[in-house]
Amino acid sequence: MKHALQALYFLTITLSLCHCKSESSLDNYTREKKLILGNSNEPSGLDPQVVTGVIESNILRSMFEGLCVEDPLDPSVHRPGAASSWTPNADFTEWIFNLQTNGKWSDGKPVTAHDFVFAYHRILSPSFGAKYASMLYYMEGAEDYNKRHNDKYLIENNSEYAGRWEELKTINFRGDEEVDMSVFEKTEFEDLSKEDKIKFIKGSGLNKIGESELKAIIEDSTLFAWPENIDAPTQQAILKTYLSHAGKDMWDMAKVGVAAVDDYTLKINLRSPIPFLPDLTKHYTWFAVPEHTVLQYGTISERRTKWTEPENLVSNGAFKMKTWKFNYKIEVHQNPYYWDIDNVKLNGIIFLPISNQYTEARMFYNDQLHVTYALAPELIEYSKEKHPKSTRQETYLGTNFLRFNHNQEGLDDLNVRKAIAYATDSESLIKYVLKGGQQVATGIVPPMGNYKAKGELSYDPVKAKAYLAKTKYAENPGALKITLLTTDKEGAKTVAEALQAMWLEQLGIDVKIEQREWGSYQTRMSELDYGIATGGWIGDYPDPTTFLDMWKKGDGNNRTGWSSEAYEAKLSEAEIAKDPTTRLQLLQDAEALYMSEMPIIPLYWYTSNYLVHQSVKNWHPMIMKSQPYKFIDLEN
Amino acid sequence: MLKTIIDRLLQGIIVIVCLLTLTFFLIRMIPGDPLTDEKAMSPQVRKENMRIFHLDKSQPVQYMHYWKNLFKGEMGKSIKKEQPVSKIIGQSFPVSVVLGVSGMLIAIVIGIPAGIISALKHNSLIDNGSMFIAMLGISIPSFVIGPLFAKFIATQVPFLKVAGWGDPFDWILPSITLGLGTAAYLARITRAGMLDILSQDFIRTAQAKGVSQTSIIVKHALKGGLVPAIAFLGPAFAMLITGSFVVETIFQIPGMGQHFVNATIERDYFLLQGMVLLFGILIVLVNLAADILLTYLNPRLRS
């Protein structure tokens with residue numbers, strides 16, 4: 001081995017003699033004002049209305065611009081983006097956005113209000129299947145349109161059936177949620193037995209069945225469970241109405257709350273007062289896409305067309321696509337048509353999909369990167385010592401927690417949950433296991449803006465034992481059989497073992513750790529096949545609702561089996577509150593109520609550890625890590 | 001000879017069909033599917049996505065659909081990356097070939113001479129020493145060697161980078177990291193093969209007749225002695241091209257190995273299918289090449 005290394009050394013030194021000065025050094029990039037970033041992974045795509053992740057968001061934010069833009073210093077300030085100004089009405093339900101009159105796409109065509117309407121129409125189109133469409137549900141009528149609530153347009157608001165809604169609304173339009181539809185996922189309607197056909201139609205409701213199913217009901221009305229008060233002619237009339245609209249886009253009838261008043265004025269109507277709409281418009285789901293380019297390569301509801309290919313991609317932000325080499329790098333450069341190009345300091349940005357955090361750190365230490373995506377916990381101390389000015393440790397809008405499965409015997413008892421929660425020493429976990437400077441979480445919502453977390457959970461073994469004493473497991477805690485479900489990701493097992501030890505020591509409860517790889521872990525959680533499970537949530541926008549809404553009954557992210565009508569009532573109350581202060585107060589009440597039932601144990605609020613080179617200027621801490629690149633500069 | 005090749009190719013096709021079929025159904029048996037995500041989709045969005053990716057049909061229908069498309073030359077699109085599988089392979093395969101071939105060359109250049117010399121100096125210091133190093137090479141995994149190279153060599157040598165894939169200099173450290181393990185195996189196999197041949201009667205006869213040592217080794221011993229090494233090299237080559245996951249992540253190389261691993265973890269059905277297809281073809285071809293070479297080296301195999 002030694003010989004091999006020596007030989008290698010000689011070889012490399014010989015080679016170095018014939019090699020001219022390397023061009024890839026960081027100084028050169030700094031001089032050229034090209035920012036090189038580690039970006040964790042290859043993005044799943046670059047269509048703002050399709051993707052759902054942070055990696056994609058980082059790239060999209062360089063190329064696209066929302067109506068408003070973050071201020072790098074003050075999160076409560078909204079800078080003009082695609083919109084030069086905006087005004088809400090008194091109760092924050094109607095907003096007028098005045099677009100930049102010199103706003104242009106990177107191909108020179110103007111950015112108009114119609115592009116925004118088109119984009120929102122596109123992401124909400126039911127057949128488009130956008131995973132993040134719910135981010136736009138704040139707009140009037142958006143949810144109904146996206147969820148195909150066609151009864152609203154075809155029957156309730158249809159003059160043909162005027163005055164008959166009370167009678168007709170008993171019809172199963174929206175489908176029966178109790179029917180397990182997953183069994184029909186992989187079979188054609190024609191191949192089903194009559195019994196299954198009935199079940200399928202019952203589960204779908206009239207709104208979600210297609211032409212062939214409608215025709216089948218016209219021929220055989222017993223396939224659909226009509227309420228008794230609906231006579232045959234009405235049945236046929238309703239089916240004909242549905243059939244005449246089968247497969248058609250209901251956008252015009254849906255009257256979703258977005259309109260282009262003129263080319264440069266966008267009006268947005270919301271279903272309830274949303275004082276934080278400017279924050280939402282910074283999220284990529286609210287970005288405009290170029291109607292002319294998207295339609296050149298496909299229809300409005302068609303996904304995965306060629307418009308996002310690097311040579312076709314047209315955007316409205318400070319930068320535009322230069323090269324996209326799969327799994328290698330994505331490079332963007334200045335968009336000459338950008339309205340504020342005079343204030344853009346960088347010439348370009350290079351995103352590298354470095355998934356290995358140690359590799360990324362090595363590249364940074366060796367002057368190959370300006371900014372890393374993350375920093376492995378083991379390297380934090382080393383970095384603080386060797387690169388004190390480069391090592392960043394910043395609050396990040398996310399919570400790590402443990403879910404309780406409420407369907408599991410034992411865990412349905414609030415006192416058991418409280419006992420376990422109070423026996424969980426998050427502080428030690430952070431100090432000795434995680435070592436990433438995380439903050440101990442007292443509630444599900446991390447601190448943000450004017451919102452003060454309402455949770456009061458803290459480590460208290462005495463309280464923990466007192467709660468356990470109130471349960472039937474007081475004498476024999478070993479009888480409590482719980483599995484702790486976790487992932488196979490790095491460090492997951494250590495955290496699980498630390499928790500296991502805490503609960504055994506404080507309460508005598510011995511949990512069984514089950515490590516599952518990602519897919520199985522997600523499935524087990526969705527199917528409520530666990531006792532306690534590790535989990536986390538990153539906020540989509542800086543408002544408490546991004547952490548609170550997911551615990552509603554039936555929400556796909558709830559995954560605990562817990563629900564509370566009082567809690568949802570508080571959330572609804574907050575939703576219609578017109579005064580922002582009252583609204584936050586109501587949300588705090590909702591969180592307090594939530595925490596008192598302990599459906600989860602909050603462990604810690606995330607901290608983002610990463611490295612920023614000294615040459616990078618104006619890179620300020622941001623709670624969502626959504627750096628507005630247009631303000632960043634590079635200087636040696 | 002031609003008949004053997006055609007025979008082997010036909011067998012290969014059957015193997016690949018079986019491989020694709022098994023992968024197709026096995027990956028669908030593991031819990032979770034490509035639409036499983038940290039943030040759950042609402043049922044109706046899930047349904048639309050099942051439709052978009054043709055996952056809403058029964059498995060036999062999907063299977064037939066897959067073959068129909070494959071005959072048309074379409075491998076489908078990656079579900080997670082929304083890119084055509086052919087494009088992903090087209091971009092990563094050349095990188096993996098460069099890495100694999102240079103790794104292979106390093107393995108051959110180090111492994112075979114080391115094995116031969118060890119065999120010739122049987123039980124000497126050189127033999128024991130190089131076999132000890134070979135044992136180390138086999139035992140120390142690339143995720144240890146790679147970072148050590150990056151830390152202690154790349155940072156010292158001006159034109160080497162700790163990671164990245166730009167100019168040909170970037171090929172050096174990853175291919176050494178990748179090749180070392182194989183070199184170690186190769187050295188041991190070559191040594192065993194050579195020792196076996198050197199103890200045969202015909203070598204002793206040659207020695208008795210006074211044939212020079214060099215001539216014995218080059219003309220007589222090598223041909224037979226390398227047989228096990230070459231039989232090993234075939235599959236090892238395919239493994240080097242597709243199985244470079246660790247080296248790829250350590251040195252940030254846009255190769256194919258990571259797709260193999262990630263496609264399975266993320267249940268990216270079509271991408272996995274494409275990877276397995278490519279791996280199958282590689283294995284069949286390199287084994288065939290190894291067989292042809294072996295027939296050339298070993299006359300007994302020709303009948």
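Which of the residues spanning the stretch B:225-263 are in a loop (DSSP other than H, G, I, E, B) and out of contact with any strand residue (DSSP E or B) (no Cβ under 9 Å at 6 or more places or on another chain)?
As a first pass, look at the stretch B:225-263 and keep what is in a loop (DSSP other than H, G, I, E, B): B:226, B:243-244, B:252-256.
Hits for the stretch B:225-263 are B:L226, B:G243, B:S244, B:I253, B:G255, B:M256.
Under 6 Å between Cβ atoms, at least 6 apart or on separate chains: pull out the pairs that start in the stretch A:405-426 with a residue that is on the phi < 0 side of the Ramachandran plot and end on any residue that is among the charged types (D, E, K, R).
As it stands, the answer is A:H406/A:D412; A:N415/A:K470; A:Y422/A:D460; A:Y422/A:K463, since those pairs meet every condition given.
Within the stretch A:27-39, is even one residue polar (S, T, N, Q), open to solvent by 20 Å² or more (accessible area, probe 1.4 Å), in contact (Cβ under 8 Å) with a residue 60 or more places away in the chain and assigned to a loop (DSSP other than H, G, I, E, B)? Explain how you work it out, then say what you get.
Quick first cut of the stretch A:27-39, residues polar (S, T, N, Q) only: A:28, A:30, A:39.
Applying the additional criterion that residues be open to solvent by 20 Å² or more (accessible area, probe 1.4 Å) yields A:28.
Then drop every residue that is not in contact (Cβ under 8 Å) with a residue 60 or more places away in the chain, which leaves none.
Taking every residue of the stretch A:27-39 in turn, none turns out to be polar (S, T, N, Q), open to solvent by 20 Å² or more (accessible area, probe 1.4 Å), in contact (Cβ under 8 Å) with a residue 60 or more places away in the chain and assigned to a loop (DSSP other than H, G, I, E, B).
Inside the stretch A:297-322, can you point out the residues that are in a strand (DSSP E or B) and surrounded by fewer than 19 Cβ atoms within 10 Å (Cβ to Cβ)?
Quick first cut of the stretch A:297-322, residues in a strand (DSSP E or B) only: A:319-322.
The one that is in a strand (DSSP E or B) and surrounded by fewer than 19 Cβ atoms within 10 Å (Cβ to Cβ): A:K322.
Please list, ordered by first then second residue, the pairs with beta carbon atoms under 7 Å, 6 or more apart or interchain, first in the stretch A:384-404 and free of Cβ contacts under 8 Å to residues at least 12 places away in the same chain, second open to solvent by less than 50 Å² (accessible area, probe 1.4 Å).
Here the result reads A:K384/A:T391, each pair linking the stretch A:384-404 to a residue that is open to solvent by less than 50 Å² (accessible area, probe 1.4 Å).
Determine whether the stretch A:116-123 contains at least one residue that is open to solvent by 40 Å² or more (accessible area, probe 1.4 Å) and out of contact with any Phe, Trp or Tyr (no Cβ under 8 Å at 6 or more places or on another chain). Break it down stepwise before answering.
Going residue by residue through the stretch A:116-123, those that are open to solvent by 40 Å² or more (accessible area, probe 1.4 Å) are none.
Within the stretch A:116-123, not a single residue is open to solvent by 40 Å² or more (accessible area, probe 1.4 Å) and out of contact with any Phe, Trp or Tyr (no Cβ under 8 Å at 6 or more places or on another chain).
Just need a number here: residues in the stretch A:301-322 that are basic (K, R) and within 14 Å of another protein chain (Cβ to nearest Cβ). Full working, then the answer.
First pass over the stretch A:301-322, keeping only residues basic (K, R): A:303-304, A:306, A:320, A:322.
Narrowing the set further to residues that are within 14 Å of another protein chain (Cβ to nearest Cβ) leaves A:303-304, A:306.
Of the residues in the stretch A:301-322, 3 are basic (K, R) and within 14 Å of another protein chain (Cβ to nearest Cβ).
How many residues are of a type in the set (D, E, K, R) and under 30 Å from B:K80 (Cα atoms) when one looks only at the stretch A:107-163? Full working, then the answer.
So in the stretch A:107-163, the residues of a type in the set (D, E, K, R) come out as A:107, A:109, A:115, A:122, A:131, A:140, A:143-144, A:147-148, A:151-152, A:156, A:160.
Subset that is under 30 Å from B:K80 (Cα atoms): A:107, A:115, A:122, A:131, A:143-144, A:147-148.
Here the count works out to 8.
Scan A:E309, A:E331, A:E302 and give me the residue that is within 26 Å of B:K77 (Cα to Cα) and modelled with pLDDT of 95 or more. So that I can check it myself, show each step before the final result.
Working: A:E309 fails: modelled with pLDDT of 95 or more; A:E302 fails: modelled with pLDDT of 95 or more.
The unique qualifying residue is A:E331.
Looking only at the stretch A:556-579, count how many residues are in a helix (DSSP H, G or I) and surrounded by fewer than 19 Cβ atoms within 10 Å (Cβ to Cβ). If you could, list the steps in order and put the result at the bottom.
First, the residues of the stretch A:556-579 that are in a helix (DSSP H, G or I): A:565-576.
Checking the rest, the ones that are also surrounded by fewer than 19 Cβ atoms within 10 Å (Cβ to Cβ) come to A:565-566, A:568-569, A:572-573, A:575-576.
Residues that pass the stated criteria total 8.
Considering each of A:A142, A:A133 in turn, give the residue that is touching a helix residue (DSSP H, G or I) at 6+ places or on another chain (Cβ under 7 Å) and within 13 Å of another protein chain (Cβ to nearest Cβ). Can you show your working first?
Details: A:A142 fails: within 13 Å of another protein chain (Cβ to nearest Cβ).
It is A:A133.
In the stretch A:506-536, what residues are open to solvent by 20 Å² or more (accessible area, probe 1.4 Å), within 19 Å of the chain's Cα centre (by Cα) and of a type outside the set (V, I, T)?
Selection gives A:W518, A:S526.
Kindly list, by first and then second residue, each pair from a residue in the stretch A:44-56 that is at the interface with chain B (Cβ under 7 Å from one of its Cβ atoms) and closer than 19 Å to A:E331 by Cβ to a residue that is modelled with pLDDT of 95 or more and in a loop (DSSP other than H, G, I, E, B), limited to pairs with Cβ atoms under 7 Å and residues at least 6 apart or on different chains.
No pair meets every condition.
Go through the stretch A:212-221 and give me each residue that's without any contact (Cβ under 8 Å) to a residue 24 or more places away in the chain and surrounded by fewer than 21 Cβ atoms within 10 Å (Cβ to Cβ). Write out each step before concluding.
Applying the first criterion (without any contact (Cβ under 8 Å) to a residue 24 or more places away in the chain) to the stretch A:212-221 yields A:212, A:217, A:219-221.
Passing the criteria: A:S212, A:E219, A:D220, A:S221.
Can you pull out the helices (runs of 4 or more DSSP H) entirely within the stretch A:139-211 that have at least 2 residues that are open to solvent by 30 Å² or more (accessible area, probe 1.4 Å) and not acidic (D, E)? Outline the logic, then answer.
On the way: elements: A:142-146, A:165-168, A:194-204.
Because the criterion is at least 2 residues that are open to solvent by 30 Å² or more (accessible area, probe 1.4 Å) and not acidic (D, E), the helices (runs of 4 or more DSSP H) in the stretch A:139-211 that meet it are A:194-204.
What number of residues in the stretch B:137-166 are open to solvent by 30 Å² or more (accessible area, probe 1.4 Å) and more than 8 Å from chain A (Cβ to nearest Cβ)?
Qualifying residue count, the stretch B:137-166: 10.
Just to be sure I understand the filter: pairs with C-beta atoms under 6 Å, separated by 6 or more residues or on different chains, first member in the stretch A:500-519 and at positive phi, second member assigned to a helix (DSSP H, G or I). Which pairs pass?
Close Cβ pairs satisfying both conditions: A:G508/A:P477.
For the stretch A:580-596, how many residues meet the condition of being of a type in the set (S, T, Y) and surrounded by 19 or more Cβ atoms within 10 Å (Cβ to Cβ)?
Summing the residues that are of a type in the set (S, T, Y) and surrounded by 19 or more Cβ atoms within 10 Å (Cβ to Cβ) in the stretch A:580-596 gives 1.
Going by the structure shown, is B:A187 surrounded by fewer than 19 Cβ atoms within 10 Å (Cβ to Cβ) and among the hydrophobic types (A, V, I, L, M, F, W, C)?
Spelling it out, it is not the case that B:A187 is surrounded by fewer than 19 Cβ atoms within 10 Å (Cβ to Cβ) and among the hydrophobic types (A, V, I, L, M, F, W, C).
Listed residues B:P174, B:P158; which is part of a helix (DSSP H, G or I) and not hydrophobic (A, V, I, L, M, F, W, C)? Please lay out each step first, then the result.
Values: B:P158 fails: part of a helix (DSSP H, G or I).
Step by step, each of B:P174, B:P158 is checked, and only B:P174 is part of a helix (DSSP H, G or I) and not hydrophobic (A, V, I, L, M, F, W, C).
Condition test on A:N102, is it over 26 Å from the mean Cα position of the chain (by Cα), over 20 Å from A:V289 (Cβ atoms) and either aliphatic (A, V, I, L, M) or open to solvent by 30 Å² or more (accessible area, probe 1.4 Å) (or both)?
Taking the combined requirement at face value, the residue does not satisfy it.
Would you please name the residue that is modelled with the highest pLDDT, looking only at residues in the stretch A:72-92 that are over 30 Å from A:Y396 (Cβ atoms) and open to solvent by less than 50 Å² (accessible area, probe 1.4 Å)? Quick ask: steps written out before the conclusion?
Start the filter on the stretch A:72-92 by keeping residues that are over 30 Å from A:Y396 (Cβ atoms), which leaves A:84-85, A:87, A:89-91.
Still in the list and also open to solvent by less than 50 Å² (accessible area, probe 1.4 Å): A:85, A:91.
Working: A:S85: 97, A:D91: 91.
Here the answer is A:S85.
Restricting to helices (runs of 4 or more DSSP H) lying wholly in the stretch B:1-97: which have 3 or more residues that are at the interface with another protein chain (Cβ under 9 Å from one of its Cβ atoms) and open to solvent by less than 70 Å² (accessible area, probe 1.4 Å)? Spell out how you get there, then give the answer.
On the way: elements: B:2-29, B:43-52, B:59-71.
Here the list reads B:43-52.
If you take the residues of the stretch B:242-264 that are surrounded by fewer than 24 Cβ atoms within 10 Å (Cβ to Cβ), farther than 22 Å from B:F24 by Cα and touching a residue at least 60 places away in the same chain (Cβ under 8 Å), which of them is nearest to the other protein chains (Cβ to nearest Cβ)?
Restricting to residues being surrounded by fewer than 24 Cβ atoms within 10 Å (Cβ to Cβ), farther than 22 Å from B:F24 by Cα and touching a residue at least 60 places away in the same chain (Cβ under 8 Å), the top hit is B:P254.
Across the stretch B:107-136, what is the total count of residues that are in contact (Cβ under 8 Å) with a residue 60 or more places away in the chain, closer than 16 Å to B:A183 by Cα and either in contact with a Lys or Arg (Cβ under 9 Å, 6 or more places away or on another chain) or open to solvent by less than 40 Å² (accessible area, probe 1.4 Å) (or both)?
So the count comes out to 10.
When the residues of the stretch A:323-353 are narrowed to those that are open to solvent by 30 Å² or more (accessible area, probe 1.4 Å) and under 30 Å from B:S96 (Cβ atoms), which ends up farthest from the other protein chains (Cβ to nearest Cβ)? Give the derivation first.
Within the stretch A:323-353, the subset open to solvent by 30 Å² or more (accessible area, probe 1.4 Å) is A:323-325, A:328-329, A:333-334, A:336-337, A:339, A:341-343, A:345, A:347.
Then drop every residue that is not under 30 Å from B:S96 (Cβ atoms), which leaves A:323-325, A:328-329, A:333.
Details: A:T323: 12, A:W324: 10, A:K325: 7, A:Y328: 4, A:K329: 8, A:H333: 18 Å.
By that ranking, first place goes to A:H333.
Given the conditions (1) in contact with a Lys or Arg (Cβ under 7 Å, 6 or more places away or on another chain); (2) at pLDDT 95 or above; (3) of a type in the set (S, T, Y), and given that A:T52 satisfies all but one, which numbered condition is not satisfied?
That leaves (2) as the condition not met.
The values are calculated or read from the model by the stated rules, or taken from the named source; none is laboratory data. This one's a predicted model, so the numbers in the text were calculated from it and none came from an experiment. Note: ideal-geometry Cβ built from the backbone for every residue, glycine included; neighbour counts use all protein chains shown. Accessible surface areas use protein heavy atoms only, side chains included; no ligands, DNA or RNA. Shrake-Rupley method; radii C 1.70, N 1.55, O 1.52, S 1.80 Å.
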